[in-house]
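The values are calculated or read from the model by the stated rules, or taken from the named source; none is laboratory data. A quick note: this is a predicted structure, and the numbers were derived from the prediction, not measured. Neighbour counts run over all protein chains shown; Cβ positions are idealised from the backbone, glycine included.
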Amino acid sequence: MNERIVVDPITRIEGHLRIEAQMNGNSIEQAYSSGTMVRGLEIILRERDPRDAWAFAQRICGVCTLVHGIASVRAAEDALNYPVPPNAQLIRNLMIAAQYVHDHVMHFYHLHALDWVDVVSALKADPKATAELAQGLSRYPKSSPGHFADVKKRLAGFVDSGQLGIFANAYWGHPAYKLPPEANLMAVAHYLEALAWQRDVVKLHTIFGGKNPHPMFLVGGVPCAISIDPQHGGRGHGPMYRGGDGATALNIVGLQQVQGVIAQMRDFVDQVYVPDTLAIAGFYKDWASQGEGLGNFLCYGDFPSKGMDDPSSFFLPGGVILGRDLGTIHPVDLDKDGEIEEFVAHSWYHYTGGKEKGLHPYKGETALAYDGPKPPFKQLDIDKSYSWMKSPRWKGKPMEVGPLARVLMLYAKGHEQTKELVGMALKKLDLPLTALYSTLGRTAARTLETRIIVDAMQGWYDQLIANIRAGDLRTFNSDKWEPSTWPKQCQGVGFMEAPRGGLAHWMVIENERISNYQAIVPSTWNAGPRDSQGISGAYEAALKGHVLHDAKQPIEILRTIHSFDPCIACAVHVMDPNGEELVEVKML
Amino acid sequence: MNTVETLGEILRRRGVSRRGFMKYCATTASLMALPPAMAETIAARLEKASRPSVIWLSFQECTGCTESMTRSHTPTLEGLILETVSLDYHHTLQAASGEGAEQAREQAMTANAGKYLLVVDGSIPMGDPGYSTIAGMSNVDMLLDAAKNAAAVIAVGSCAAFGGIPKAAPNPTGAVAVSSLVKDKPVINVPGCPPIPVVITGVLAHFLTFGGLPELDHLGRPRVFYGESIHDRCYRRPFYDRGLFAETFDDEGARKGWCLFKLGCKGPVTYNACATTKWNQGTSFPIQSGHGCIGCSEPDFWDLGGFYQALSMPTQKLGKVAGAAIAGGTIAGIAMAAHNRSMKASAKQSHERVSTDELEKGE
């Protein structure tokens, strides 16, 4: 039977994603990826103060809550040729790195794990055997029989209550779940512990940025002045007297707390995340040969040790890999016409030059033009437009971005730690290098990358402390803060490696205001629909050929889609300067 | 489905002592600014309750509100979903996708008709139903369908409460707040971009305890969390009173923690608990980390002038911004100020915390 399978909503992701799969018997012949929600943030950004833009852009996404703020301040700084002090660079590096570690761990345990871990099977586990399993993997101090017995009891109580809540209606008992009960119990325990861990480690963002989600940023530096004065003269005896507070959160107590968070992050990654990934992967080696997708990979690079204009100083290198060829890294130019372009052939947008042409983001043009089926609907018309995502291309080619792209780039460039970690993982799993080009490889690359980044954090922290000790407290450059110092017209691109992949914002400034703002985000690269040549993006390509054991329980689709860590609010937000003309907005 | 356990039974089975349970109730009473005697009442009601069904719908949103909820320390998210509520539909957290997910929502709505709590994050686009769909259904249809048999509706975050960023000028998708569409039900607004974690869980706890609404202000916000301006409770307030201001970022004043009013701080017109509960287990809040408040829990804060414009400066209007919104926000702020004073005592109580870890140990 050649039926169309629809999975909507795809849950355990950020945002609104729909997958339609055209079946040939029990295998996927063609897949269609659709973003089903639009807000139009880029038009909202027009006419705004470029210094305010980060706060708007940051609301593109609350999961990777920092990345659009960073890309936006970097876009303004690039446009205004506005350097930031070394301390600000280091603090940004620490904040970005913390986002990676937080995001990747949460993705693994809270968004992805339930594709591999059968929660119900954990009830059959022997806590003692679970402890032995866990102790064999790492020296994590919580791996005791008593601890696992407690978790099992808590889980049993939950299941016995008859109210399964977030665990209801899942595919428990599906034959695709391969873990023994003890591994399932261990993973459930770590699901809960990762929840507790993550709310502690976000405090790094809170110290530098005042809150999380959505910490504060600043064009020209970072907002948190370094307070070396141990006394806060204004504190007095008011209601907020807490003791130990300095003038700002970035005092000696705050810095010690940052150091504590770095250690706490490293311990959890080392003792829990990395061993769990490898242990679970060992049961799913059949996923090391499917779900590849494109074989093309794109990175912009990030973590500067000098300025953003000096890519040679980046800890993560940029470049393009085509067709798995690790021997040739192609350079990427974000400013150049004809390199990065967005297509709308199958997107619910209109281009004035017709839907077939691609446009560079500086000339970016889009207008909401929904011509899909009228809700409620059962199926999309995939021959026409079927997504609120556009289709970005590099020199006309679709690209995968994200942890796998970055790990391959580091590997290709000969980064020692990466080669060691990749070698260790492949040896443990007894898999060849080509196993990286798969659903499993993508998930494992995310874990290995977390280890690489969490290890790098200490260096940035130490450098920050060394600067402070040497008397350099600067966190902000006021030279170009006043709009009167700006050129009448300028443009710039702010790029970074977000946890989900290469991210860039293009900003055009005219008369102190934003005249055009375009963002191409990681999930647009990965999740976008077909282009005008009918060529698929990474999600659609990766799903092709998947065999579904039971079309009513398409767990195979979830495994591969989740391996990309979709972030769909990010991917769908674009809208054109002139969009309003084509949109009829009915206000209530 | 098996027989449903009451919360009291669950806690006893989990080995939570009577004393530990009473401590939890006392904390809840304190969090809600209720007299200590109310702890007994809370205990009595909680012991009888099975875990109430919560259906969480996500529309035009960024998932920041859900992320914020996961950061709650008291109660914790895992405590909430395993022992306190039955979170029957929530895109980011639930295991089931597609049909299974939609069935879970429908089952919960049928089994708990009239009793479930509906939580919404994100605004609803009225420009075209195709601007945002879930399982082929428009957001407005899903909202009205789910609201019909809900006991109450909680609009979490500034988008659901007031329209938020999608509604910012020129509101390209015709985004509206939940309260613009749900008229026959109480709607509790819990604004903030995102709201403080403990405020989200605190409002849930109140509803679960009393089965009813906390006292709300004229904007539908619980007074206990939104009764006072950030400025009034700010640790930098003494500098404002003495006329000591940071003139630019990272100047001497900024390093000494002087008032950020001249750098655009919106604390004086923003009613939220940031300065008292702070963020992420009391670690800091924006002003303490050197950036002015951007007013993210106030209606239409995106269009109330630049984030770095001092409140005393004339607002730089965008061509597309309505002046009325600005005036409205300010007047609302002034009206609120009068109420603040009486709320100080209760707000103080609200930041004495007991961790759930302590509670779970029973002492």
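Looking at (1) facing another protein chain (nearest Cβ under 9 Å); (2) surrounded by fewer than 24 Cβ atoms within 10 Å (Cβ to Cβ); (3) under 23 Å from B:T70 (Cα atoms), find the lone condition where B:A152 falls short.
That leaves (1) as the condition not met.
When you look at A:I453, is it closer than 30 Å to A:G291 by Cβ and away from chain B (no Cβ under 14 Å), yes or no?
yes
Hey, any hits in the stretch B:144-153 for a residue that's in contact (Cβ under 8 Å) with a residue 12 or more places away in the chain and assigned to a strand (DSSP E or B)?
yes
Would the stretch B:234-241 turn up any residue that is outside any loop (DSSP other than H, G, I, E, B) and either assigned by TED's automatic domain parsing to the domain that holds B:H73 or under 14 Å from A:G210 (Cα atoms) (or both)?
So far as the stretch B:234-241 goes, no, none of its residues is outside any loop (DSSP other than H, G, I, E, B) and either assigned by TED's automatic domain parsing to the domain that holds B:H73 or under 14 Å from A:G210 (Cα atoms) (or both).
Among helices (runs of 4 or more DSSP H) lying entirely in the stretch A:128-228, which contain 3 or more residues that are surrounded by 18 or more Cβ atoms within 10 Å (Cβ to Cβ), within 8 Å of chain B (Cβ to nearest Cβ) and under 22 Å from the mean Cα position of the chain (by Cα)?
Because the criterion is at least 3 residues that are surrounded by 18 or more Cβ atoms within 10 Å (Cβ to Cβ), within 8 Å of chain B (Cβ to nearest Cβ) and under 22 Å from the mean Cα position of the chain (by Cα), the helices (runs of 4 or more DSSP H) in the stretch A:128-228 that meet it are A:181-201, A:203-209.
Which members of the stretch A:1-21 meet the condition of being closer than 10 Å to A:I561 by Cβ and facing another protein chain (nearest Cβ under 8 Å)?
Matches in the stretch A:1-21: A:V7, A:I10, A:R12, A:I13.
If I ask for residues that are out of contact with any Gly (no Cβ under 9 Å at 6 or more places or on another chain) and closer than 17 Å to B:C159 by Cα, which ones from the stretch A:40-58 would you list?
Once the filter is applied, which keeps residues that are out of contact with any Gly (no Cβ under 9 Å at 6 or more places or on another chain) and closer than 17 Å to B:C159 by Cα, the stretch A:40-58 yields A:L41, A:I44, A:L45, A:F56.
Of the residues that make up the stretch A:18-41, is at least one hydroxyl-bearing (S, T, Y), within 27 Å of B:G306 (Cα to Cα), over 16 Å from the mean Cα position of the chain (by Cα) and surrounded by fewer than 23 Cβ atoms within 10 Å (Cβ to Cβ)?
Taking every residue of the stretch A:18-41 in turn, none turns out to be hydroxyl-bearing (S, T, Y), within 27 Å of B:G306 (Cα to Cα), over 16 Å from the mean Cα position of the chain (by Cα) and surrounded by fewer than 23 Cβ atoms within 10 Å (Cβ to Cβ).
Among (1) of a type outside the set (S, T, N, Q); (2) surrounded by fewer than 24 Cβ atoms within 10 Å (Cβ to Cβ); (3) without any contact (Cβ under 8 Å) to a residue 24 or more places away in the chain, which single condition is B:P286 missing?
(2) is the only condition that B:P286 fails.
Does any residue of the stretch B:244-252 turn out to be surrounded by fewer than 20 Cβ atoms within 10 Å (Cβ to Cβ) and assigned by TED's automatic domain parsing to the domain that holds B:P75?
Looking for residues that are surrounded by fewer than 20 Cβ atoms within 10 Å (Cβ to Cβ) and assigned by TED's automatic domain parsing to the domain that holds B:P75, one finds none in the stretch B:244-252, hence no.
Among what's in the stretch B:311-326 and is under 21 Å from B:F249 (Cβ atoms) and surrounded by fewer than 16 Cβ atoms within 10 Å (Cβ to Cβ), pick the residue that is modelled with the highest pLDDT.
Restricting to residues being under 21 Å from B:F249 (Cβ atoms) and surrounded by fewer than 16 Cβ atoms within 10 Å (Cβ to Cβ), the top hit is B:S312.
When you look at A:D430, is it farther than 25 Å from A:W525 by Cα and of a type outside the set (S, T, N, Q), yes or no?
When the stated conditions are applied, A:D430 passes them.
For the stretch B:57-91, what are the residues that are assigned to a strand (DSSP E or B), touching a residue at least 60 places away in the same chain (Cβ under 8 Å) and polar (S, T, N, Q)?
Correct list: B:S58, B:Q60, B:T76.
If you go through the stretch A:496-538, how many residues are assigned to a strand (DSSP E or B), surrounded by 24 or more Cβ atoms within 10 Å (Cβ to Cβ) and small (G, A, S)?
4
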